[in-house]
Amino acid sequence: HLISTCSMMFRNSLVTTFPVWINNVPAADWPLSLLLAKHGNVGYIPDVMAAHRIHGRGAWTSFTAVEELPKNLALRKTM
């Protein structure tokens, strides 16, 4: 996923209901981006919009590569 969620801007009226499967994915940022893209154009601002800090208490960075793989596979299968 190439879009940092903290730098996304979108109209909250674009997606008013979410598919049931989104509750079963380990991370909803990528599916959210895809759902939003279905409802309108996607723009890009070529500036730094956020700082990404990697630390051991992050939602994904706390996983080892072995732990992360099945979560990524499940996400792709669900989408």
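The values are calculated or read from the model by the stated rules, or taken from the named source; none is laboratory data. Just so it is clear, the model here is predicted, and its values are computed rather than measured. When we count neighbours, we look across all protein chains shown, and the Cβ atoms used for this are built from the backbone with ideal geometry, even at glycine.
Structure notes:
- Flag for residue 14 being of a type outside the set (Lys, Arg) and touching a residue at least 24 places away in the same chain (Cβ under 8 Å): yes
- Residue selected from segment 27-54 under the condition not in a loop (DSSP other than H, G, I, E, B) and not charged (D, E, K, R), by the criterion surrounded by the fewest Cβ atoms within 10 Å (Cβ to Cβ): 34
- Test: residue 79 is under 16 Å from the mean Cα position of the chain (by Cα) and modelled with pLDDT of 80 or more: no
- Residue, nearest to residue 46 (Cα to Cα), within segment 1-20, restricted to residues that are part of a helix (DSSP H, G or I) and at pLDDT below 85: 7
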